[in-house]
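Novice: After the C-alpha cells below, expect a handful of questions from me.
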Amino acid sequence: MKSVTINDQVLPALGIGTWEMGDDPEVQDEEIKAIRAGLDAGLKVIDTAEMYGNGRSELLVGKAIKNYQRSDIFLISKVLPQNASAKRMRQSLTASLQRLQTDYLDLYLYHWRGMVPLTETVAELQSLQDEGLIRSWGVSNFDIADMQELWQLPHGKNCAVNEDLYNLETRGIEFSLLPWQKKHRVPLIAYSPLGRGPKMGSTMMQNQAVLEVAAEHHASAYQILLAWVMQQDETLAIPKSSSSTHLLSNMKALDIELSAADLQELEHAYPKPDHKEPLAIY
C-alpha cells in the first residue's frame, strides 16, 4: 500500500476529501457511511475546512468519527484567510474543534493567502501548535514564490505540507513547485486528484490512454488517475467520495503499480509542463 509521511506519521497515500459534503440533509447518512467505510477499511486521513458549507462539512465529519478511537484518525481542517490573524485564528480553530467534536487537529492549514501578513499567520499557527491544539500546521494553494517566502520566516520551515490542486491534466506544479518541495521535504496533498468531472471540462475519464491503461490493470479510469497521483513521492490524494461504493473502489488504487510504459502512455496524452504556469486553484 502506498504511503506518505506527515509530521512523522506514516499514513495511507489516499485520504477522504469532504468538499461539498454535509450540505444536503437527504444524503448525510450515506456520506457518514462513506467516511466510516473508509476508516473501517484502513484509511486514516480526513480533510475538511471551516469554509466547506460554512462548517457543515466539519459537523458531518464530527458525527462520522464520534465512536472511533481519535488516535486512529489523522484529522485536517483549514482556516480561512480572513480568520488567519492573531486576533481571530484561535476563535476560528475553537469553532472547528467544537464542530468536529475533538480537542485537537493533527494538521491545520492556512487555506489560501489573504490580507493578513504571512509572518503573523505563521506565528499564530506555531503558537497553536506549541499549545497542543494542533499537532502540525501547513499551507494550501501556495505556489513556489509563496513557499520561498514562507521558508524565510521565523518558524516557516515548520510547515508540514502544502495542499494544491493536482491531477493528470493539471500538472503545472511539476515545473518548479514539486521539485522545490521534494528538495525541502515538504509533502504534497493533492486536492481534486480526479479533476472536476466532464461537466466542468475534464477530459480524463474518457481519454483513450487512460482507458487503455485501465484495461491493462483491470481497473477503472478513476483508479488509474488516483494511482498516477499517488505514484509521486510523498503525495497524499484526497478525492471526495460521498458513497461507500465509490470510496472503497478508490482504495484499490493504493495497490496499483503503474509501469514505465503506463506512465509514458499517460505522459503522451497529458505532457509534463515545459514552462512555469499560474497556480491552478478551484
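The values are calculated or read from the model by the stated rules, or taken from the named source; none is laboratory data. All of these numbers come straight from a predicted model, not from anything done at the bench. Counting neighbours? That spans all protein chains shown, and the Cβs are built from the backbone with ideal geometry, glycine included.
Novice: Can you run down the residue pairs with Cβ atoms below 6 Å, 6 or more apart or on separate chains, where the first is in the range 207-227 and farther than 18 Å from PRO193 by Cα and the partner is aliphatic (A, V, I, L, M) and at pLDDT 95 or above?
Specialist: Listed pairs, sorted by first residue: HIS217/ILE256.
Novice: While we're on this one: Of (1) in contact with an Asp or Glu (Cβ under 7 Å, 6 or more places away or on another chain); (2) polar (S, T, N, Q); (3) farther than 25 Å from GLN28 by Cα, SER242 satisfies all except one. Which?
Specialist: The single condition SER242 does not satisfy is (3).
Novice: For the range 125-144, how many residues meet the condition of being within 21 Å of LYS44 (Cα to Cα), touching a strand residue (DSSP E or B) at 6+ places or on another chain (Cβ under 8 Å) and not aliphatic (A, V, I, L, M)?
Specialist: 6
Novice: Does SER249 fit the bill of being part of a helix (DSSP H, G or I), within 30 Å of ARG36 (Cβ to Cβ) and small (Gly, Ala, Ser)?
Specialist: yes
Novice: Any idea how many residues of the range 14-34 are surrounded by fewer than 24 Cβ atoms within 10 Å (Cβ to Cβ), outside any helix (DSSP H, G or I) and either of a type in the set (A, V, I, L, M) or free of Cβ contacts under 8 Å to residues at least 12 places away in the same chain (or both)?
Specialist: Qualifying residue count, the range 14-34: 1.
Novice: Report whether or not GLU163 is modelled with pLDDT of 95 or more and within 30 Å of LEU105 (Cα to Cα). Walk me through it before giving the result.
Specialist: Values: modelled with pLDDT of 95 or more: yes; within 30 Å of LEU105 (Cα to Cα): yes.
Spelling it out, GLU163 is indeed modelled with pLDDT of 95 or more and within 30 Å of LEU105 (Cα to Cα).
Novice: For the range 101-158, which residues satisfy the criterion of being among the basic types (Lys, Arg) and not in a loop (DSSP other than H, G, I, E, B)?
Specialist: The answer is LYS157, and nothing else.
Novice: Within the range 252-282, work out how many residues are in a helix (DSSP H, G or I), touching a helix residue (DSSP H, G or I) at 6+ places or on another chain (Cβ under 8 Å) and either over 24 Å from TRP180 (Cα atoms) or of a type in the set (Ser, Thr, Tyr) (or both).
Specialist: The total comes to 7.
Novice: Given (1) at pLDDT 95 or above; (2) of a type outside the set (Phe, Trp, Tyr); (3) more than 18 Å from the chain's Cα centre (by Cα), where does PRO25 come up short, assuming only one miss?
Specialist: Condition not satisfied by PRO25: (1).
Novice: Name the residue that is farthest from ALA260 (Cα to Cα), counting only residues in the range 161-184 that are surrounded by fewer than 19 Cβ atoms within 10 Å (Cβ to Cβ) and in contact (Cβ under 8 Å) with a residue 40 or more places away in the chain. Reasoning before the result, please.
Specialist: Of the range 161-184, the ones surrounded by fewer than 19 Cβ atoms within 10 Å (Cβ to Cβ) are 169, 171, 174-176, 179-180, 182-184.
Of the ones still in play, those that are also in contact (Cβ under 8 Å) with a residue 40 or more places away in the chain are 169, 171, 174-176, 182.
Values: GLU169: 18, ARG171: 18, GLU174: 18, PHE175: 20, SER176: 23, LYS182: 21 Å.
Step by step, filter the range 161-184, then rank; the result is SER176.
Novice: Another question, if that's okay. Buried (at least 22 other Cβ atoms within 10 Å of the Cβ), of a type outside the set (Ser, Thr, Tyr) and in a strand (DSSP E or B): is that true of ILE189 in this structure?
Specialist: Answer is yes for this residue.
Novice: So which residues in the range 42-69 are farther than 8 Å from THR18 by Cβ and outside any loop (DSSP other than H, G, I, E, B), if there are any at all?
Specialist: Listed by number, the residues that qualify are VAL45, GLY53, ASN54, GLY55, ARG56, GLU58, LEU59, GLY62, LYS63, ALA64.
Novice: Within the range 98-124, which residues are over 15 Å from ILE46 (Cα atoms), without any contact (Cβ under 8 Å) to a residue 40 or more places away in the chain and not β-branched (Val, Ile, Thr)? Walk me through how you get there before you give the answer.
Specialist: Residues of the range 98-124 that are over 15 Å from ILE46 (Cα atoms), as a first pass: 98, 103, 110-124.
Then keep just the ones that are without any contact (Cβ under 8 Å) to a residue 40 or more places away in the chain; that gives 98, 103, 110, 113-123.
Matches in the range 98-124: GLN98, ASP103, TYR110, ARG113, GLY114, MET115, PRO117, LEU118, GLU120, ALA123.
Novice: Kindly provide the set of residues from the range 177-227 that are at positive phi and not polar (S, T, N, Q), ordered by number.
Specialist: Pass one, the range 177-227, residues at positive phi: 185, 192, 195, 197, 201, 218.
Of everything in the range 177-227, those that are at positive phi and not polar (S, T, N, Q) turn out to be ARG185, GLY195, GLY197, GLY201, HIS218.
Novice: Confirm whether LEU39 is aliphatic (A, V, I, L, M), surrounded by 15 or more Cβ atoms within 10 Å (Cβ to Cβ) and assigned to a helix (DSSP H, G or I).
Specialist: Taking the combined requirement at face value, the residue satisfies it.
Novice: For the range 79-97, check the following and say yes or no: at least one residue is in contact (Cβ under 8 Å) with a residue 60 or more places away in the chain, under 30 Å from ASP233 (Cβ atoms) and in a helix (DSSP H, G or I).
Specialist: Within the range 79-97, the subset in contact (Cβ under 8 Å) with a residue 60 or more places away in the chain is none.
No.
Novice: Does the range 88-119 hold any residues that are over 17 Å from ILE73 (Cβ atoms) and out of contact with any helix residue (DSSP H, G or I) (no Cβ under 9 Å at 6 or more places or on another chain), and which are they?
Specialist: THR94, PRO117
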